[in-house]
Each structure stands twice: as C-alpha cells, then as structure tokens.
1. Answer yes or no as to whether residue 205 is touching a helix residue (DSSP H, G or I) at 6+ places or on another chain (Cβ under 8 Å) and either under 21 Å from residue 244 (Cβ atoms) or surrounded by 18 or more Cβ atoms within 10 Å (Cβ to Cβ) (or both).
2. Tell me whether the range 325-334 contains one or more residues that are at pLDDT 95 or above, over 27 Å from residue 414 (Cα atoms) and assigned to a loop (DSSP other than H, G, I, E, B).
3. Against the condition over 20 Å from residue 129 (Cα atoms) and either part of a loop (DSSP other than H, G, I, E, B) or free of Cβ contacts under 8 Å to residues at least 60 places away in the same chain (or both), how does residue 213 come out, does it pass?
4. So which residues in the range 325-346 are over 18 Å from the mean Cα position of the chain (by Cα) and either in contact (Cβ under 8 Å) with a residue 40 or more places away in the chain or under 30 Å from residue 422 (Cβ atoms) (or both), if there are any at all?
5. Pick from the range 107-134 the residues that are assigned to a loop (DSSP other than H, G, I, E, B) and at pLDDT 95 or above: which of them is surrounded by the fewest Cβ atoms within 10 Å (Cβ to Cβ)?
6. Checking the conditions here, which among 370, 393 is more than 27 Å from residue 284 (Cβ to Cβ) and in contact with a strand residue (DSSP E or B) (Cβ under 7 Å, 6 or more places away or on another chain)?
7. Being surrounded by 13 or more Cβ atoms within 10 Å (Cβ to Cβ) and in contact with a helix residue (DSSP H, G or I) (Cβ under 8 Å, 6 or more places away or on another chain) is true for just one of 96, 85. Which residue is that?
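The values are calculated or read from the model by the stated rules, or taken from the named source; none is laboratory data. Quick caveat: nothing in here was measured; it's all calculated off a predicted structure. Cβ coordinates were reconstructed from backbone atoms using ideal geometry, including for glycine residues, and neighbour counts include every protein chain displayed.
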C-alpha cells in the first residue's frame with residue numbers, strides 16, 4: 001500500500017470523527033450548554049489523591065496499591081462512570097476461519113477469527129482480522145485496533161471477510177466495497193516486527209441510543225426486564241468487555257504474544273481502550289488518541305467538553321451509566337477523576353496522543369491528568385512525563401511509561417502520529 005492511501009485514511013478518520021461529534025473543533029454551545037475555552041475560567045479544583053485510601057491512610061507500597069487502593073478506585077469508576085458488568089458471562093466459541101495465509105508479497109501472515117460471545121447465540125459475535133510479520137520467529141507482539149468501520153473497509157485486502165456495519169438509520173447492512181475514508185497501512189508496523197489486529201466496534205454493540213438490545217448488553221438482559229439500574233454498564237463498558245474477549249482468544253493463539261498486546265483507539269474508542277486497560281491488566285500497553293472528556297481529560301477542569309455536554313439527552317448518555325449523567329453539573333461531587341483512570345494502568349505504559357487545535361477534547365486537561373497520575377507510576381519505580389510544562393505541538397514525550405504527544409492539528413490522527421506510536425511501541429513493548 002502506498003503512503004497516499006495511508007494519508008487518505010488518516011484524513012478520512014479525522015473527518016469522520018469531526019462529523020460524529022457534530023460540533024466542529026471549538027463549538028460555543030452544545031446541547032444548550034455553553035462551552036468554555038478560556039484558561040482563566042476553568043475554575044478551582046482539588047484532585048483526589050490517587051495514593052490516599054478512603055480511610056485516609058497513605059499508600060506507600062505497591063502491594064497496598066494492588067490490594068487496597070486500586071480496587072477502591074476501580075469500584076468508583078464502575079459505580080459512577082462506566083457501569084457494572086454482569087457477573088454471569090457465557091462461555092465463548094471461536095471460529096478460526098482463516099489462519100496462516102501469506103499475503104502482501106508473502107511478508108505478512110493473515111488470520112481471521114469470529115468470536116461468538118455465547119455458545120447459544122449466533123448473532124452476537126465480533127470478527128478479528130490479524131496481520132503478523134512473517135519474518136518474526138515465534139509469537140509476535142501486536143497492536144489491537146478498535147475501529148469505527150468494518151475490517152474489510154479498513155485495509156486494502158480483497159480477501160478479508162466483508163462483514164456488516166450499522167448505518168445512520170440504525171440498520172445493519174453489508175459493509176461497503178470501498179470506504180470513502182481510505183485504508184490503513186499495516187506495513188510500517190509489520191516492518192518493525194509488530195503485528196496489527198483490528199475489530200469493528202459495531203460488531204460488539206452499535207453506537208446509538210437503544211443499541212443495547214442489539215449488542216452484548218442485550219445478550220445478558222433478562223427477557224421482559226426493561227429496568228436499567230443507575231450503575232448499569234453503558235456502551236463503552238460493552239466495547240471494553242468485547243476487547244477482553246479478544247484477549248481471551250489471543251491467549252489461545254500460539255502466533256500471538258499475548259503478553260505484548262497494545263490497545264489503540266480514537267475519540268470515544270480512546271475512552272474505551274483506557275477503560276479496557278484499567279479493567280484488564282493482561283493488555284501490556286494502551287494508546288489513546290484524543291479521548292477527551294470521559295477519557296484522559298480532567299472532568300474537574302471546566303474546559304471544552306464536560307460531563308454535562310457528554311451525557312446530555314441529545315448526545316451520548318447511553319455510553320455511560322446513568323450515575324455519570326447525574327454529575328453533569330456537579331463536578332465537585334466526583335469522587336474520582338481522569339488521573340485516577342490513568343493510574344489504574346500503572347505500571348504499564350500509556351501513550352496519550354492529542355491535537356493542539358482540538359480544544360473540545362482539552363489536550364491540556366489530558367496533560368494535567370497524566371501529571372497527576374505520576375505518583376502512582378513512581379510507586380513502581382517508573383517515570384511519568386518527566387516534564388513540568390505542557391509540550392508544544394510536535395514535541396514527543398516518549399521515553400517514560402507515561403507518554404504524551406500533541407500534533408499540530410485537530411481531532412483524530414495524522415500520518416506522522418503513527419510513526420510516533422511505532423516509536424513508543426518499540427521503546428516499551
């Protein structure tokens with residue numbers, strides 16, 4: 001694949017994401033709620049100490065973090081933001097319908113797998129497309145991407161199963177033969193010995209109000225019971241649950257080094273990979289692009305999108321539990337914030353990629369959250385950003401376990417971002 005198609009994909013995904021948020025780069029008002037972009041108007045706030053137990057005791061040992069503080073923080077996010085996942089999980093079934101096919105001038109090994117989330121249902125599944133470098137001996141590390149469109153439209157590979165997508169009319173239709181957003185070039189990763197796997201988030205659950213009935217949340221709902229508890233899981237928790245099912249499969253695949261799997265997602269899928277990594281320590285790294293509010297940006301900081309904007313009835317309340325929406329106008333009642341979400345990943349590497357023009361997603365809020373998560377990484381002898389001032393666009397902070405990179409531009413990814421991601425992968429994976 002040529003670089004121009006790669007650029008087309010990056011530009012296309014950026015345009016897609018801007019269309020999906022529907023407010024442009026810096027809307028003045030969203031859902032009838034004013035938006036602040038003035039640094040002098042962000043308000044005063046005191047972030048909760050990630051290393052202070054609910055009892056007031058300070059965490060001084062890694063064992064105390066894992067055994068006491070981390071479970072406390074995880075419980076907060078389950079209760080107040082992403083929701084509780086049902087305890088009963090059906091046994092999965094795997095259909096490995098292609099394995100070991102040499103493609104792209106025999107430099108890449110392609111496999112395709114369908115995971116059925118329940119042995120009793122043929123309509124609840126996710127398709128995984130896996131590309132591994134043929135030159136790597138033994139199990140290969142890889143980056144797992146969760147995407148906004150079907151696998152077949154993500155790559156220039158005619159033999160990938162076509163699959164289905166959800167259209168704007170909330171109908172499930174065959175994926176188009178070609179995507180107007182271009183394709184993703186796997187070869188820069190393959191050439192560095194890193195595999196690439198991808199899934200379509202709509203396979204796990206559609207992204208619209210009422211979509212739960214068609215996705216995995218519907219699979220675990222008792223027939224006839226329409227009661228939704230205030231802390232019931234939202235769509236982001238559902239997508240995260242699906243990604244953990246993909247990891248379950250990777251642990252059975254001898255060609256994949258399941259101990260070296262990185263997660264990558266953009267925008268709401270950036271939020272998704274952060275929450276997945278927080279819940280599932282099997283993922284070795286998380287790379288979140290422009291995750292913003294509900295992801296890596298501080299909620300206590302009144303800048304750009306806020307909880308109120310995010311969970312307004314006309315926007316995305318279904319992505320979170322109902323308790324999260326209740327906090328929309330009451331930031332001070334939050335018992336946790338984004339720095340604690342990042343801390344849940346410690347001591348594993350995390351890279352935050354943002355854009356200096358994406359004020360709506362608050363790139364500075366992500367930087368400040370990363371800084372506030374540093375003490376937890378230091379507990380493990382790891383370094384955080386190791387920089388006090390927010391970097392300029394184009395400056396990379398990749399040497400330590402918390403990475404940060406802000407491109408010159410808006411929401412989403414640009415071609416140069418993927419080279420930065422590869423560098424971070426090579427340093428830490």
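1. On the way: touching a helix residue (DSSP H, G or I) at 6+ places or on another chain (Cβ under 8 Å): yes; either under 21 Å from residue 244 (Cβ atoms) or surrounded by 18 or more Cβ atoms within 10 Å (Cβ to Cβ) (or both): yes.
Criteria met by residue 205.
2. Looking only at the range 325-334, we keep the residues that are at pLDDT 95 or above, and these are none.
No - not one qualifying residue is present in the range 325-334.
3. Details: over 20 Å from residue 129 (Cα atoms): yes; either part of a loop (DSSP other than H, G, I, E, B) or free of Cβ contacts under 8 Å to residues at least 60 places away in the same chain (or both): yes.
In short, yes.
4. If we filter the range 325-346 for residues that are over 18 Å from the mean Cα position of the chain (by Cα), which is where we start, we get 325-336.
Scanning the range 325-346 gives 326, 327, 331, 332, 334, 335, 336.
5. Going residue by residue through the range 107-134, those that are assigned to a loop (DSSP other than H, G, I, E, B) are 107, 117-124, 134.
Among the residues that remain, those that are also at pLDDT 95 or above are: 107, 134.
Values: 107: 14, 134: 18.
Step by step, filter the range 107-134, then rank; the result is 107.
6. Values: 370 fails: more than 27 Å from residue 284 (Cβ to Cβ).
Residue meeting the stated conditions: 393.
7. Numbers: 96 fails: in contact with a helix residue (DSSP H, G or I) (Cβ under 8 Å, 6 or more places away or on another chain).
The conditions single out 85.
For (1) assigned to a helix (DSSP H, G or I); (2) closer than 25 Å to residue 37 by Cβ, each residue gets a yes or a no:
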position: 365; (1), (2): yes, yes
position: 369; (1), (2): yes, yes
position: 372; (1), (2): yes, yes
position: 378; (1), (2): yes, no
position: 389; (1), (2): no, yes
position: 393; (1), (2): no, yes
position: 404; (1), (2): no, yes
position: 416; (1), (2): yes, no
position: 425; (1), (2): yes, no
